[in-house]
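A.B. asks: Sending over a structure as structure tokens; questions will come in a sec.
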Amino acid sequence: QLYAELSSEKSPLRLVYKCSAPAEGVKEYYQELYRKMREREILFGTTIHGPHKDDLLMSIADLDVRYYASEGQKRTVVIALKFGEWERLKLEADESPLLLLDDISVCLDAERQKRLLRRLETFDQVFLTATDEGELPISANRIQLN
């Protein structure tokens with residue numbers, strides 16, 4: 001929904017969580033992997049297996065975002081995910097979190113920028129960076145770094 005709002009595209013963004021563990025016995029699966037791989041992981045100084053290695057597959061019109069989306073579509077997907085994360089945090093914390101968006105205009109065409117800025121007006125606290133001052137909302141408090 002957030003992606004559609006920002007992009008005005010008819011094709012929905014689809015997210016699929018690809019879990020490396022079996023559907024049943026997840027805890028036991030990871031405990032067994034931990035037991036088997038512990039020495040090797042200590043040797044390498046990193047965790048080799050676990051949920052942090054799982055993937056989130058994203059598609060638009062049944063096409064993998066990684067390979068078929070434009071840079072503007074990819075950027076819009078990332079922003080939509082950040083907005084979703086913000087909404088979840090607000091729900092869980094029962095207060096409005098700070099939203100940080102870096103270089104807001106990168107890869108976004110004028111229409112996507114306009115939709116993004118319109119949506120940002122609904123947030124309580126937003127910290128934006130931009131390379132061009134004209135990209136920021138008129139009502140924004142500004143700090144210029146040279």
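The values are calculated or read from the model by the stated rules, or taken from the named source; none is laboratory data. Here the structure is a predicted model, which means the values were calculated and not measured. With ideal geometry, Cβ positions are generated from the backbone for all residues, glycine too; neighbour counts draw on all protein chains shown. Ligands, DNA and RNA are stripped out before the accessible areas are found, and what is left, the full protein with its side chains, is counted by its heavy atoms. Shrake-Rupley method; radii C 1.70, N 1.55, O 1.52, S 1.80 Å.
A.B. asks: Could you grab me the full set of residues in region 74-100 that are within 16 Å of residue 6 (Cα to Cα) and out of contact with any helix residue (DSSP H, G or I) (no Cβ under 7 Å at 6 or more places or on another chain)?
C.D. replies: 75, 78, 81, 82, 85, 86, 87
A.B. asks: Exactly one of (1) over 30 Å from residue 110 (Cα atoms); (2) of a type outside the set (Lys, Arg); (3) in contact (Cβ under 8 Å) with a residue 24 or more places away in the chain; (4) surrounded by 11 or more Cβ atoms within 10 Å (Cβ to Cβ) is unmet by residue 72. Its number?
C.D. replies: Failing condition for residue 72: (1).
A.B. asks: Which ones in region 95-123 are closer than 15 Å to residue 78 by Cα, open to solvent by less than 30 Å² (accessible area, probe 1.4 Å) and outside any helix (DSSP H, G or I)?
C.D. replies: 99, 101, 104, 105, 108, listed by residue number.
A.B. asks: Could you please find all residues in region 33-51 being more than 14 Å from residue 20 (Cβ to Cβ) and of a type outside the set (D, E, K, R)?
C.D. replies: Within region 33-51, 42, 43, 44, 45, 46 qualify.
A.B. asks: Further, regarding this structure: Residues in region 49-62: is at least one at pLDDT below 95, surrounded by 14 or more Cβ atoms within 10 Å (Cβ to Cβ) and over 19 Å from residue 111 (Cα atoms)?
C.D. replies: Yes, because at least one residue in region 49-62 is at pLDDT below 95, surrounded by 14 or more Cβ atoms within 10 Å (Cβ to Cβ) and over 19 Å from residue 111 (Cα atoms).
A.B. asks: Quick check on my filter: what residues within region 20-46 are assigned to a loop (DSSP other than H, G, I, E, B) and either surrounded by 12 or more Cβ atoms within 10 Å (Cβ to Cβ) or of a type in the set (Phe, Trp, Tyr) (or both)?
C.D. replies: Hits for region 20-46 are 20, 21.
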